[in-house]
Amino acid sequence: MDMDKVYNSKEVEKKWSKYWVENKTFSAKIDKNKKPFTIVIPPANVTGSLHMGHALNTTLQDIIIRFKKMQGYNTLWVPGTDHGGIATQNVVEKLLKKEGITKYDLGREKFLEKMWQWRSETGDTILDQLKMIGCGLDWDRVSFTMDESRSKSVKKAFIQLFEKGLIYRGKRLVNWCPRCSTALSDIEVEYEDEKSNLWHIKYPLRDSDGYIIVATTRPETMLGDTAVAVNPDDERYTHLVGKTLKLPLVNREIKIVSDYIIDKSFGTGAVKVTPAHDVTDNEIAKRSNLETIEIIDINGKMINVPAKYQGLSVEEARKEVVKDLEEAGFLAKIEDYAHSVGRCYRCSTKVEPLMSEQWFLNVGEMSKKAVDAANDSKTVFHPQSWKRPYILWLENLRDWCISRQIWWGHRIPIYYCVDDKGNRTNCKPIASFDKPKECPHCKGKNFVQDEDVLDTWFSSALWPISVFGWGENENSQDLKYFYPTSVLATGHEIIYLWVARMVQFGLEFMKDVPYKDIFIHGIVRDKHGKKMSKSLGNVVDPRDIIEKYGTDALRFALAQSAAPGRDMQISEESFLAARNFANKVWNASRFILMNLEGIDKLDEKIKAAELADEWIIAEFESTLEKVKTAYDSYNTDAAAREIYDFFWTKYCDWYIELSKIRMTSSDINVKRQVLSILIYILKGTLQLLSPVMPFITSEIWQILNKDEKIIAESVFPKTKDSGFLESLEKMRIMQDIIVKIRTLRSEMNISPAVQIEALFDILDENKEKTVKENEHYIKQLAKIISIQFGKNIERPKNSALAVAGGFEIFLPLEGLIDIEKEKSRLSKEIAIAKQEVERTTAKLSNENFVKRAPKAEVEKIQTRLNDATVKIEKINESLKFLG
RNA sequence: GGGCAGUUAGCUCAGCUGGAAGAGCAUUUCCCUUACAAGGAAGAGGUCGCAGGUUCAAGUCCUGCACUGCCCACCA
């Protein structure tokens, strides 16, 4: 039972993280008698290692899981990792680059071997780290988005959607990353402001002398222009609509068209239209039946342009075009201009919109269903402020480009019939799990598979169903029992990228949402509010925090700062404070255990013997309620704060201190009685705290109850009302008196070692009984040797005065008191009391207040006025007495 | 351009349905009191972003503004 004076987190953490895994504490089996509570973890990329974001995200989920488990749910938290598509391929490509080779040198097959090798070597790092920080995951259910089972889900989903006609192939304008050499979906593009120019270019009319000026941020694309567009209501240009222009440098004839999308007030009100390389232009082109000329290829090089520009990069072409326009007199002016530029979310390269043959998913119907689900509260955001942006996004969603021109990922399960020479036939492509045996159209037996892979988010979107074997096992009992899951916890950065798509796929394949509650937490920032990033050098590594302060401190600090939906600024001090709290818990427990020495048996039932007992029980019951409510609504911050406040400022500072009176009693039964309450409250608090700080609470719990279940499997305290509410007010009176006396002692510089007497002059007879019954509290905590009660007690010479708890309290301080100091202190007290009199009098003399405010409120103010008046009177007497 | 948050003590933040401004860290004084100096006791520190309004009463509700951050958008 020996406990170190300081909590040693390292040993305890090693012990328990191992225990939970080895004993399969958090493994879940179907149990139809229990309600399931399920969470699927947001699968971390295999490239990842634990950072603050993970630590926060997984801590929050673990808190929920541990809480629900103690409440009797059959909890399941599914772990796993994501193959991470482009991001992961980029990592391995970089490694290859160091060896001086490219993926093309290796070829697809060999490159994929490298990828798998790398993934098997380092891909589980993050999972091991999650074990370390105590996550209550079911380690028998580790899933990976590219393992066999998950791959079957992906294929099944694709085939089903394809056969339903929702997946189609088409040549469309897509976001192209020239560096990754792949298409990206709309949300994989991040926009960033950039200082640039607005070039004003003259486009001469073919049939007259005039010209029209267009303004553009991308002059090089003028080589691919097929029209100029103006707003039909723009009077400056109405007479020109339908006229023909001669495109400078190219000399192609293009028309002036009208389109309502054009903003009359922007630039010159006339816009050059490049349908192949701009989204808006592409739409204008569709409406006006314009020709589309591709002038940039997938490598970012110019094509289909006059010879002198052919093959140039976009940047080079821009310089040349601007120079040539200027020389030929077509450049009207150049303005400074800031606008946002799309960049690849994986490598930050500027994205090039261009025409490309891709696979698309028609999301119209799925979006509608997801919107309905949100409107019908089948999905609920915490905080709810995310609902609107989420719905808006879904409503404006365009078809999802799901194909990627990379190698790492789920290869699209589409097979093309080919002839003997390997050329594609005209037969319809076939969507299939495996290579088809025979083409149903031409009976041919040769096929090639589509070269592209699926967007990594396609498999992520299936996660809540794929982890339960959807697609592999037609009759998955797990899926029936655990789906829909209970809550999804994630940061707001992937609401669209991931959350929305899971909902869409859940509704599509399971006819039900994947989870009801969507718990959105913030992002961890540094103490200056900056996003943590390697380049800024402000990254706080959770592993360093664990090393220095312990995992429980890390978890507590994160939980405490994580108000739903809000970003949090976190600094070293918060971890330090949490570590200190852990130590406090440790030492309070140590105190109790020390006093347990030699006590063989405790009382079975707790029995409140005096005021402090009733009070701490009432306080605990109220704390329990608040903590439960907080956990249930994902307000871990409130839960952490409530527990901290209760344990430290109520249990430790008051109850334990008061318990010492009985603890030193020679009567073993007295000691036994108070210990039973001390332990009852301690155990209860440990249970409230254990979802947040599982390690230290597990350890103490085990020391306390050698043979009982571990705390993670214990039953969470049930709501109770012992009817001790009156004790709260009584205790408040006692605390008021004790604090006032302490303040006097402190201000008079009287050492705690000096025991002094006190005279209590009774002012309020209603409080007399309570104070007399509990005078030993005052003696113990205010270091008073004896108390003499009486009425109209004459103030002793050289004494200090306090008015508190319905008493005028004199402390005779012969030889200890500084009369001048006492006088000035009393004057200050009087000033404060006078303010109180002013405030309350003002209120009470306000007719409207007395008339309209609730009675209780008026009485309260009246009492305050009376108290202050008495106080002033008494202090004045004392001042006179002092001379 | 639209939307959403935030603005309370030097710093990080609590303050639920409106009724006397709170915590932690930092700071000052005293204390190694036999659970804890990673501690205890006490103190100092705020006209709750600004301006209006509703109300007997506003940090709390309403309107407008300012600043900060985030998200969205077809910013040529």
#### Entry: Global size of the range A:537-692 as Cα Rg and Dmax, reported in angstrom
17.6, 62
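Tell me, rounded to the nearest percent, the portion of alpha carbon pairs in the range A:390-465 spaced more than 19 Å apart.
Values: 1444 of 2850 pairs.
Summing the P(r) of the range A:390-465 above 19 Å gives 51 percent of all pairs.
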### Query
Any idea what log10 I(q)/I(0) is at q = 0.13 Å⁻¹ for the range A:288-364, Debye with uniform C-alpha scatterers and no solvent?
-0.61
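Hey, any idea what the orientation-averaged projected area of the convex hull of chain A's Cα atoms comes to, in nm²?
Reported value for the Cα convex hull: 52.3 nm².
Remind me, what semi-axes does the range A:131-189 give for its equivalent ellipsoid, largest first in whole Å, using sqrt of 5 times each Cα gyration tensor eigenvalue? Could the numbers behind the result be given before it?
Details: eigenvalues 208, 85, 18 Å².
The answer is 32, 21, 9 Å, longest axis first.
Largest first and in whole Å, what are the equivalent-ellipsoid semi-axes of the range A:1-109 based on the Cα gyration tensor, each being the root of 5 times an eigenvalue?
Values: eigenvalues 290, 99, 30 Å².
Working through the eigenvalues yields semi-axes of 38, 22, 12 Å.
If contacts are Cα pairs under 8 angstrom and at least 6 residues apart, what is the relative contact order of the range A:195-342 in percent?
Details: 292 pairs, mean separation 43.7, N = 148.
Relative CO of the range A:195-342 lands at 30 percent.
One quarter of the convex hull surface, Cα atoms only: what value does that give for the range A:345-402 in nm²? Could the numbers behind the result be given before it?
Details: hull surface 22.8 nm².
Averaged projected area of the range A:345-402's Cα convex hull equals 5.7 nm².
Under DSSP H, which helices of chain A have Cα atoms covering 24 Å or more of the helix axis and a Kyte-Doolittle average no less than 0.5? Don't jump to the answer; show the numbers that get you there.
On the way: long enough: A:52-70 (27 Å, 0.09); A:572-596 (36 Å, 0.05); A:611-632 (32 Å, -0.19); A:668-689 (31 Å, 1.05); A:726-747 (32 Å, -0.34); A:819-844 (37 Å, -0.84); A:855-882 (40 Å, -0.52).
In chain A, the long hydrophobic H runs are A:668-689.
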### Query
So what's the gap between the Cα centers of the range A:439-484 and the range A:153-189, to the nearest angstrom?
15 Å
### Task
Rounded to whole Hz and in sequence order, give me ³J(HN,Hα) for the range A:450-456 from the Karplus expression 6.51 cos²θ - 1.76 cosθ + 1.60, θ = phi - 60°, writing x for Gly and Pro.
3, 7, 6, 10, 7, 3, 4
#### Entry: Kirkwood estimate for the range A:735-883, i.e. one over the average of 1/r between Cα atoms, Å
16.4 Å
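With a ≥ b ≥ c the root eigenvalues of the C-alpha gyration tensor of the range A:189-336, is it rounded (a/c under 1.5), prolate (a/b larger than b/c) or oblate? Display every interim value, and only then the final one.
Details: a/c = 1.39, a/b = 1.29, b/c = 1.08.
Rounded, because the longest to shortest axis ratio a/c is under 1.5.
Taking the alpha carbon gyration tensor of the range A:817-883, what are the square roots of 5 times its eigenvalues, largest first, to the nearest whole Å?
On the way: eigenvalues 198, 17, 13 Å².
The three semi-axes for the range A:817-883 are 31, 9, 8 Å.
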### Task
Any chance you could list P(r) for the range A:56-169, counting all Cα-Cα pairs in 5 angstrom bins from zero, rounded to whole %?
2, 9, 14, 15, 14, 14, 13, 10, 5, 2, 1, 0
### Query
How many percent of the alpha carbon pairs in the range A:629-737 exceed a separation of 18 Å?
60 percent
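What shape does the range A:296-426 have by the C-alpha gyration tensor, where a ≥ b ≥ c are the square roots of the eigenvalues, rounded means a/c under 1.5, and otherwise prolate means a/b greater than b/c and oblate the rest? Show your work: numbers first, answer last.
Details: a/c = 3.06, a/b = 1.33, b/c = 2.29.
It is oblate, given that a/c is not under 1.5 and a/b is not larger than b/c.
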### Summary
Amide H neighbours of A:F37 at under 5 Å, excluding residues fewer than 5 places away on the same chain, with H built from the backbone geometry, are A:N74, A:T75, A:L76
### Share antiparallel - DSSP beta bridges, the range A:468-576, percent rounded to 5
10 percent
### Karplus 3J(HN,Hα) series, Hz, for the range A:482-494 with 6.51 cos²θ - 1.76 cosθ + 1.60 (x for Gly, Pro)
8, 9, x, 6, 8, 8, 10, 10, 7, x, 6, 5, 10
### Query
Which entries in the list A:K155/A:K368; A:K584/A:K823; A:K68/A:K378; A:K767/A:K843 go over 30 Å, if you measure between the two C-alpha atoms of each?
A:K584/A:K823
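Quick one: of the DSSP bridges fully inside the range A:397-552, what percent are antiparallel, nearest 5? If you can, show how the numbers build up before the last one.
Details: 10 of 16 bridges.
Within the range A:397-552, antiparallel bridges account for around 60 percent of the total.
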### Query
From the residues A:L361, A:T238, A:I295, which one has its Cα farthest along the dipole of chain A in the positive direction, the dipole being from +1 and -1 charges on Cβ of Lys/Arg and Asp/Glu about the Cα centre?
A:L361
### Query
Counting every Cα pair in the range A:443-569, what percent are over 18 Å apart?
67 percent
### Summary
Any residue on another chain or 5+ positions along whose placed amide H is under 5 Å from the amide H of A:L331 is listed here as A:K202, A:E326
### Message
P(r) for the range A:86-230, please, calculated from all Cα pair distances in 10 Å bins and given in %.
### Response
7, 19, 25, 22, 14, 9, 3, 1
### Message
I want the antiparallel fraction of DSSP beta bridges within the range A:727-853, as a percent rounded to 5.
### Response
60 percent
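Stick to the Cα atoms of the range A:682-747, pair each with every other, and give me the Kirkwood hydrodynamic radius in Å at one decimal. List each step's numbers first, then the result.
Numbers: mean 1/r = 0.0673 Å⁻¹.
Mean inverse Cα-Cα distance, inverted, gives 14.8 Å.
Take peptides A:244-253, A:746-755, A:803-812 and line them up by average Cβ neighbours within 10 Å, highest first, as a rough protection proxy. Each step should come with its number before you reach the end.
Values: A:244-253: 16.4, A:746-755: 11.5, A:803-812: 21.9.
Result, highest mean Cβ count within 10 Å first: A:803-812, A:244-253, A:746-755.
Values quoted throughout were computed directly from the atomic coordinates according to the rules given, and no laboratory measurement underlies them. These numbers were taken from a predicted model, which means no experiment stands behind them. Backbone-built Cβ (ideal geometry, glycine too); neighbour counts: all protein chains shown.
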